[in-house]
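Comments concern the structure below.
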Amino acid sequence: MERYEIEEDGLYYLTSPTGVKYQTYCDMTTAGGGWTLVASVHENNLYGKCTTGDRWSSQQGGSPNVPDGDGSWSNTVTFGNAEAATSDDFKNPGYYDITAENVAVWHVPNNERVGRWKLTSFLRYHTESKFLRSYGGNLYNLFKIFPVKNNAGSCPANHGPSVPVVYDAGDASFNHNLFGPHVRARTDPGFIMFRAINYEKAAMAICLGVKPKDCNTEHSCIGGSGYFPEGSPRQCGDFTGLDWSGYGTHVGWSASKQLIEAAVLIFYR
Ligand code: 3S6
Ligand code: CA
């Protein structure tokens, strides 16, 4: 009887080109497998506006004097650990030293343990166009080209790339419905968009399965620069203005509680 190599989803040790050994999660099954977790964006407190824990925007209070915020999208600072990726922000060396072609995103409820991530994720999608080849092979390099900082350009001319996604959990319509009606009316689902710019020239890193059609991008795009002029500091934070019409209300500009109480896991392949 033959034995088969069965690739399993779970935690693996990787060694970076400079010899740093780190643990991360690999999805070895979706669409042929080989997806490496490189980051998670976890909102520890949406009531905190660019305060402690807002590592993907700014922990420095939301100020025009700090236009880049913490700079995590385009620096080599790492934080967190794989096992806690749904309970805290996570960023490993793979984020900047893996050369990849595609990105996958999972929305996993906060505080879920590793073995339950795939089961409990309510939305999973990935790109297939190998778009990262055109932007330096990873998001670190993409965000060098499209900096997540204030006054980097204007909307919509200077948005970063928007890339179609294929859904592995949920679908485009379910994705769209996680946002409030004002957002649904002003976005197209089925895409991931990078480096959005809003009316006030603040920058966001990633739009969650949607491509904005207007410039109120702060209600569907997360991560960001260090200053959000509109209603400052109300849009400043890792989950930006996803609570603009109230926390988890799912009315107006606000996303559903399901979306804001889930970590956004970012994979490369
Ligand atoms: C559909 C209502 C438009 O509301 C405006 O957009 C309102 O005046 C602003 O407070 C709001 C924000 O810019 C939303 O980002
Ligand atoms: Ca706005």
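Scan segment 168-185 for residues that are exposed (fewer than 15 other Cβ atoms within 10 Å of the Cβ) and over 21 Å from TRP106 (Cβ atoms) and report the count. Residues flagged as exposed (fewer than 15 other Cβ atoms within 10 Å of the Cβ) and over 21 Å from TRP106 (Cβ atoms) within segment 168-185 amount to 2.
Scanning segment 218-233 for residues that are of a type outside the set (Phe, Trp, Tyr), open to solvent by 10 Å² or more (accessible area, probe 1.4 Å) and more than 10 Å from ligand 2 (Cβ to nearest atom) yields a count of 2.
So which of ARG133, ARG116 is in a helix (DSSP H, G or I), free of Cβ contacts under 8 Å to residues at least 60 places away in the same chain, more than 17 Å from THR29 (Cα to Cα) and not aromatic (Phe, Trp, Tyr)?
Details: ARG116 fails: more than 17 Å from THR29 (Cα to Cα).
It is ARG133.
Answer yes or no: is there a residue in segment 183-193 that is in contact with an Asp or Glu (Cβ under 8 Å, 6 or more places away or on another chain) and basic (Lys, Arg). Yes, that holds for at least one residue.
Scanning segment 186-214 for residues that are open to solvent by 10 Å² or more (accessible area, probe 1.4 Å), in a loop (DSSP other than H, G, I, E, B) and either out of contact with any strand residue (DSSP E or B) (no Cβ under 7 Å at 6 or more places or on another chain) or away from ligand 1 (no atom under 15 Å from the Cβ) (or both) gives GLY190, TYR199, GLU200, LYS201, ASP214. Taking segment 217-226, which residues are within 12 Å of ligand 1 (Cβ to nearest atom) and not in a helix (DSSP H, G or I)? SER220, CYS221 - these are the residues of segment 217-226 that are within 12 Å of ligand 1 (Cβ to nearest atom) and not in a helix (DSSP H, G or I).
Can you find, within segment 120-167, the residue that is nearest to GLY71 (Cα to Cα) among those that are among the β-branched types (Val, Ile, Thr) and open to solvent by less than 40 Å² (accessible area, probe 1.4 Å)? My answer is VAL148. Which ones in segment 202-217 are within 18 Å of SER74 (Cβ to Cβ) and within 16 Å of ligand 2 (Cβ to nearest atom)? Those that are within 18 Å of SER74 (Cβ to Cβ) and within 16 Å of ligand 2 (Cβ to nearest atom): ALA202, ALA203, MET204, CYS207. When segment 227-263 is filtered for residues that are away from ligand 1 (no atom under 13 Å from the Cβ), at negative phi and either of a type in the set (Lys, Arg) or out of contact with any Leu (no Cβ under 7 Å at 6 or more places or on another chain) (or both), the ones remaining, listed by number, are TYR227, PRO233, CYS236, ASP238, THR249, LYS257, GLU261, ALA262, ALA263. Annotation note: of THR51, THR36, THR76, the sole residue that is at pLDDT 95 or above, surrounded by fewer than 22 Cβ atoms within 10 Å (Cβ to Cβ) and outside any loop (DSSP other than H, G, I, E, B) is THR36.
The values are calculated or read from the model by the stated rules, or taken from the named source; none is laboratory data. Computed from a prediction, not measured in an experiment: that's the story for all the values here. Note that we place each Cβ from the backbone using ideal geometry, even for glycine, and neighbour counts take in every protein chain shown. Note: areas computed on protein heavy atoms with side chains; ligands, DNA, RNA excluded. Shrake-Rupley method; radii C 1.70, N 1.55, O 1.52, S 1.80 Å.
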